[in-house]
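The structure appears below as structure tokens.
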Amino acid sequence: MAKFLITAVDSRTEKVVPLLYDNMDSSLTDLEGRSVVRTVDASLRAPAVIAPVTSRETPLGKTSPRILKISLGLSCNYACEYCSQRFVARNVETNPDDISVFLASLDKWVLNPPDAIEFWGGEPLVYIKTLKPLAQALREKFPAARFSAITNGSLLSPDINQWLDDLGFTVSVSHDGPGQHVRGPDPLDDPQSREVILELYRRLAPKGRFSFNAMLNRENQSRAAIQAFFVDLTGDSDVLIGEGGLVDAYDAGGIAQSLRPEEFHPFRRQAFHDIRHGKAGRISSVRDRVMSFVNSLRFERPASSLGQKCGMDRVDSIAVDLKGNVLTCQNVSAAALAPNGESHRIGHTSELGQVALKSATHWSHRKECPSCPMLQICKGACMFLQGPLWEASCDNAYSDALPIFAAGIEFLTGLVPVHIEGELREERKDIFGFSDQVPPVRAAASRKPFPVPVVTA
Ligand code: SF4
Ligand code: SF4
């Protein structure tokens, strides 16, 4: 159990109020243990499902997929600066000839129609000669499955747009808005690419099947600026922006784009300001995570129900290549090793019962996560990273989650958390760089044990 003493400020009266937060049972109370959240009556809640826990020693397997991710290969016509796939060892490339064997195998391991099928690159449109016949065959076999692909947009054409529309694809174009120059080439600089991307937007956005996916990094910190960029680009104030979190650090490029310690507080202040003032309301990672955190408090969600943030530790989420290799996730290849030394090839579809996810570590097996106040929002960062890359990703994830944490608590209580006391690293306690401005509670909080008295500013 990890309990935290939160120093919060009433946004209307500026009264300083201490709260107790427990990341394991999601309770938020006053110092007497009375909930400050209107929780949902226990009799009305669905029973919490305990999340399966994977580790090298106790690896999870896979079942017939609800979410099927097909990796076409990791080739891309761009080389973006912090791409999670940049240094992943490449497989022998798949090609159109693999499709018939792959399709013929499906009935042996896809026992129920998947809810969703995702087509992944690299850049998936590099593989258009494979993608088209594959997706068409899968559409015939699974007419109700949601289809999706994430593309850099540079290889779209009017014909491909029509085809993606006809097959019912949801398309996300990866683009960092005003920070795209940090990431890599910008297809919007080319008038032809720009027009074809916008043509696809006009086709699919009204059907809720288009988003621009943007990532934040130290040179692209403002969600408000990203949202304004895409509203301006599309002329649509309802434009949907996917992703929208701070980058994970998969390599030196990712570390270079991670926040420096002196940037933590300014970033959190800006992110909180953007969320609070509705300037990031079209960004899915903000909307979804604030609501998920709010609901964790309303339903007192136990940490035992938390899987990893990306969901690839779920037994019914499966990533495969066209040779039938089962992979840790869509961002790696069968030829690559995970940082813990295990192969990212975790099995083969012909022997689904033998699949063993040894390359990943559930948050409960990390030293830091169980005692982290951001656990319910972050859910452990990337499950296969280790060492300095995981630590840099964890630092990014912590700063990324704090404004969500503060916004969720303010939404429910009118109280803005400014300081967290508990068993966490000293430099993680001051949320916005304001702790010194609320000295009475800080001083009281440093006297152990709890409780501390309510102190007014
Ligand atoms: S911020 Fe770091 S320690 Fe906290 S849950 Fe995320 S990965 Fe774990
Ligand atoms: S394991 Fe999850 S978080 Fe890590 S690269 Fe794969 S999809 Fe992303």
Tell me the carbon and sulfur percent of the accessible area for the chain, rounded to whole percent, probe radius 1.4 Å.
54
For the range 137-293, report the accessible area per residue in Å² (1.4 Å probe, heavy atoms, rounded to an integer).
41
Among 45-53, 131-139, 391-399, how do they line up by average Cβ neighbours within 10 Å per residue, starting with the highest?
391-399, 131-139, 45-53
Per 0.36 nm of contour for each residue apart, how much would the distance between Glu427 and Arg45 grow if the chain were fully extended, relative to their Cα-Cα spacing?
133.8 nm
For Arg34 and Asp189, FRET efficiency with R0 = 60 Å and r from the beta-carbon atoms, rounded to 0.05?
0.60
What does the range 23-112 give for Rg and for Dmax, in Å, if only its C-alpha atoms count?
22.7, 67
Where the centre of each part is set by its Cα atoms, how far does the range 107-151 sit from the range 216-290, in angstrom?
30
What percentages make up the Cα-Cα pair-distance distribution of the range 232-302 when the bins are 5 Å wide from 0?
3, 13, 16, 20, 20, 16, 9, 3, 0
Considering all alpha-carbon pairs of the chain, what whole percent are spaced by more than 32 angstrom?
42
Partner lysines whose C-alpha sits under 23 Å from that of Lys379, ignoring same-chain residues fewer than 8 away, are Lys3, Lys62, Lys69, Lys309, Lys358, Lys367, Lys429
Label-to-label distance, nm, for residues given as Leu198 and Met24 (7 Å Cα→Cβ offset):
5.6
Segment Glu262-Thr13, extension gain: residue separation times 0.36 nm, minus the distance between their alpha carbons
86.6 nm
Rounded to whole Å², per residue accessible area for the range 1-133 with a 1.4 Å probe reads 50
Residues of type aspartates and glutamates that Lys323 reaches as a straight line, Cα spacing below 16 Å, ignoring anything fewer than 8 places off in the same chain
Glu93, Asp97, Asp98, Asp107, Glu351
Using only helices, what value at 222 nm comes out for the chain when you add -39,500 (n - 2.57) per DSSP H run of length 4 or more and divide by the total residues, to the nearest 500 deg cm²/dmol?
-9500 deg cm²/dmol
Cα point-scatterer Debye curve for the range 133-197, base-10 log of I(q)/I(0) at q = 0.16, 0.20, 0.21 Å⁻¹
-0.60, -0.82, -0.87
Treating the angle as unsigned and between 0 and 90°, give the value, to the nearest 10°, between the Cα long axis of helix 223-234 and the longest Cα principal axis of the chain.
40
Free-standing Cys residues across the chain, given no other cysteine C-beta under 4.7 angstrom:
Cys76, Cys310, Cys329, Cys369, Cys372, Cys378, Cys382, Cys394
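The values are calculated or read from the model by the stated rules, or taken from the named source; none is laboratory data. Predicted model only: the values in this text are computed from it and were never measured. Here the Cβ is made from the backbone with ideal geometry for all residues, glycine too, and neighbour counts use every protein chain on show. To get the accessible areas, we keep the full protein, side chains included, count just its heavy atoms, and leave off ligands, DNA and RNA. Shrake-Rupley method; radii C 1.70, N 1.55, O 1.52, S 1.80 Å.
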